[in-house]
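Student: Dumping the structure here so I can ask a few things about it.
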Amino acid sequence: MRIGIHAGPLVLLGAAPADVVEHAAGAEADGFASYWLPQTNAVEALAVIGMCGAATSSIEFGTAVIPTWGRHPHVLAGQALTAQAATGNRVVVGIGVAHKPSVEERYHIPFERPVRHLREYLDVLQPLLADRKVDVEGEIWSCTAELVGPAAEAPPVMVAAMGPQFLRLAGKRTDGTVLWLSGPTTISQHIAPTIADAAAEAGRPMPRIVASGPVSVTDRPDEVRASISEILVGYDTLPSYRAMLDREGAARAGDVAIIGSADEVKAELARYAEAGATDFAAVEFGLSGEEFAATREVLKEVQSG
């Protein structure tokens, strides 16, 4: 299982793009396989990833994730191909349909037919990435266009898929799923077999499963878990996440965070690998600088094998 760094907290705290670039370069220097940015607030994830390309040479970059409702897939295709060219073909485009409350409160549009929405989004996005042209008319997303831009490979597309219909769509059509707060039991019993079966039916290789969540090496696990639970309290009641937490037997989102001694954290990461996760994107967490440093060291050790 490859270990990556998830930079969500930097974005949520409004870090300057230059600070994110520096953080990404540090992740590469420390040997991590990947670096993941969410699309949220005012930070344009693919634009920052493009900036990271000049400061790095080997680390993979992924979006975790870009909500689909706010941008047409034609627009996203151009942004993704630009970032792909800027990084020398090191981008993974992670997308997701987000959630009913955020979509309806932000855009004032009904959160309806999300599976069809995502299927038609892929109908437009994937041909534009692969062939630089598309001509498709759907009920929700349509596009007739050709793209002219710098040479770049079509970036892999992954979907934030947790429910059965989304997982089957991801397995049949995409390169995998990008998860958040899905534990190893949920991955082994639900996510991995569902997406694998769908991919096999479509004659596709086994998709990637990118798990992600908070990680903290600490000698005060109860205090750290309580802090994480408070920060992530909003996930406790979102239906899609609530279903995954229930599968894991977790009362709160913080209950699936990886917290404990160095050996305990290593053992829990090993459980994810055994469950079928191909990657783990870690949100490093601590209540002190020493805990952040200890967490980074353990993650480096796991990545190095």
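Student: Among Arg220, Arg225, which is of a type in the set (Lys, Arg) and surrounded by 19 or more Cβ atoms within 10 Å (Cβ to Cβ)?
Tutor: Result: Arg225 is the single residue among Arg220, Arg225 that is of a type in the set (Lys, Arg) and surrounded by 19 or more Cβ atoms within 10 Å (Cβ to Cβ).
Student: So is Arg132 charged (D, E, K, R), free of Cβ contacts under 8 Å to residues at least 60 places away in the same chain and closer than 19 Å to Thr63 by Cα or not?
Tutor: Criteria not met by Arg132.
Student: Output the number of residues of the range 141-161 satisfying the condition of being closer than 17 Å to Leu245 by Cα and either of a type in the set (Val, Ile, Thr) or out of contact with any Leu (no Cβ under 7 Å at 6 or more places or on another chain) (or both).
Tutor: 1
Student: Inspect the range 208-217 for any residue being surrounded by fewer than 22 Cβ atoms within 10 Å (Cβ to Cβ), at pLDDT 95 or above and part of a helix (DSSP H, G or I) and give the result as yes or no.
Tutor: Looking for residues that are surrounded by fewer than 22 Cβ atoms within 10 Å (Cβ to Cβ), at pLDDT 95 or above and part of a helix (DSSP H, G or I), one finds none in the range 208-217, hence no.
Student: Count, please, the residues in the range 265-305 that happen to be outside any strand (DSSP E or B) and either touching a His at 6+ places or on another chain (Cβ under 9 Å) or in contact (Cβ under 8 Å) with a residue 40 or more places away in the chain (or both).
Tutor: Qualifying residue count for the region: 25.
Student: While we're on this one: Filter the range 1-52 down to residues that are within 24 Å of His99 (Cα to Cα) and among the acidic types (Asp, Glu), then give me how many there are.
Tutor: 1
Student: Quick check on the range 22-50: of everything there that is among the aliphatic types (A, V, I, L, M) and crowded, with 19+ Cβ neighbours inside 10 Å, which residue is modelled with the lowest pLDDT?
Tutor: Per the criteria, the residue is Val43.
Student: Moving on to the next point. Regarding Ser188, is this residue surrounded by fewer than 20 Cβ atoms within 10 Å (Cβ to Cβ), touching a residue at least 40 places away in the same chain (Cβ under 8 Å) and over 21 Å from Val298 (Cα atoms)?
Tutor: Judged against the criteria, Ser188 is a match.
Student: Take Val178 and tell me if it is touching a residue at least 60 places away in the same chain (Cβ under 8 Å) and within 21 Å of Phe111 (Cβ to Cβ).
Tutor: Here the answer is yes, as Val178 does meet what is asked.
Student: Same structure again: I need every pair where a residue in the range 144-156 that is free of Cβ contacts under 8 Å to residues at least 40 places away in the same chain has its Cβ under 7 Å from the Cβ of a residue that is of a type in the set (D, E, K, R), sequence separation at least 6 or different chains.
Tutor: Pairs that qualify, where the first residue is free of Cβ contacts under 8 Å to residues at least 40 places away in the same chain and the partner is of a type in the set (D, E, K, R), are Thr144/Asp135; Glu146/Arg132; Glu146/Lys133.
Student: Just one of (1) in contact with a strand residue (DSSP E or B) (Cβ under 7 Å, 6 or more places away or on another chain); (2) among the aliphatic types (A, V, I, L, M); (3) more than 20 Å from Gly4 (Cα to Cα) trips up Ala262, so point out which.
Tutor: In the conditions (1) in contact with a strand residue (DSSP E or B) (Cβ under 7 Å, 6 or more places away or on another chain); (2) among the aliphatic types (A, V, I, L, M); (3) more than 20 Å from Gly4 (Cα to Cα), Ala262 misses (3) alone.
Student: Same structure again: Which one of these is under 30 Å from Gly53 (Cβ atoms), modelled with pLDDT of 95 or more and of a type in the set (D, E, K, R): Arg90, Arg106, Arg119?
Tutor: Answer to the check: Arg90.
Student: Right, here's the next one. Since Pro164 meets every condition but one in (1) of a type outside the set (Asp, Glu); (2) in contact with a Ser or Thr (Cβ under 9 Å, 6 or more places away or on another chain); (3) surrounded by fewer than 19 Cβ atoms within 10 Å (Cβ to Cβ); (4) touching a residue at least 40 places away in the same chain (Cβ under 8 Å), which condition does it not meet?
Tutor: Going through (1) of a type outside the set (Asp, Glu); (2) in contact with a Ser or Thr (Cβ under 9 Å, 6 or more places away or on another chain); (3) surrounded by fewer than 19 Cβ atoms within 10 Å (Cβ to Cβ); (4) touching a residue at least 40 places away in the same chain (Cβ under 8 Å) one by one, Pro164 breaks only (4).
Student: All but one of (1) closer than 28 Å to Ala270 by Cα; (2) of a type outside the set (Phe, Trp, Tyr); (3) surrounded by 21 or more Cβ atoms within 10 Å (Cβ to Cβ) hold for Pro155, so report the exception by its number.
Tutor: Evaluating Pro155 over (1) closer than 28 Å to Ala270 by Cα; (2) of a type outside the set (Phe, Trp, Tyr); (3) surrounded by 21 or more Cβ atoms within 10 Å (Cβ to Cβ) leaves (1) as the failure.
Student: In the range 99-121, which residues are crowded, with 21+ Cβ neighbours inside 10 Å and touching a helix residue (DSSP H, G or I) at 6+ places or on another chain (Cβ under 6 Å)?
Tutor: Tyr121
Student: All but one of (1) farther than 22 Å from Leu238 by Cα; (2) under 18 Å from the mean Cα position of the chain (by Cα); (3) part of a helix (DSSP H, G or I) hold for Pro155; state the number of the condition that does not hold.
Tutor: (3)
Student: Quick check: is even one residue across the range 286-305 within 29 Å of Ala161 (Cβ to Cβ) and in contact with a Pro (Cβ under 6 Å, 6 or more places away or on another chain)?
Tutor: no
Student: Does Pro101 satisfy being closer than 25 Å to Pro9 by Cβ and touching a Leu at 6+ places or on another chain (Cβ under 9 Å)?
Tutor: yes
The values are calculated or read from the model by the stated rules, or taken from the named source; none is laboratory data. If you're wondering where the values come from, they're calculated on a predicted model, not measured in any experiment. FYI the Cβ positions are ideal-geometry reconstructions off the backbone, even for glycines, and counts take in every protein chain you see.
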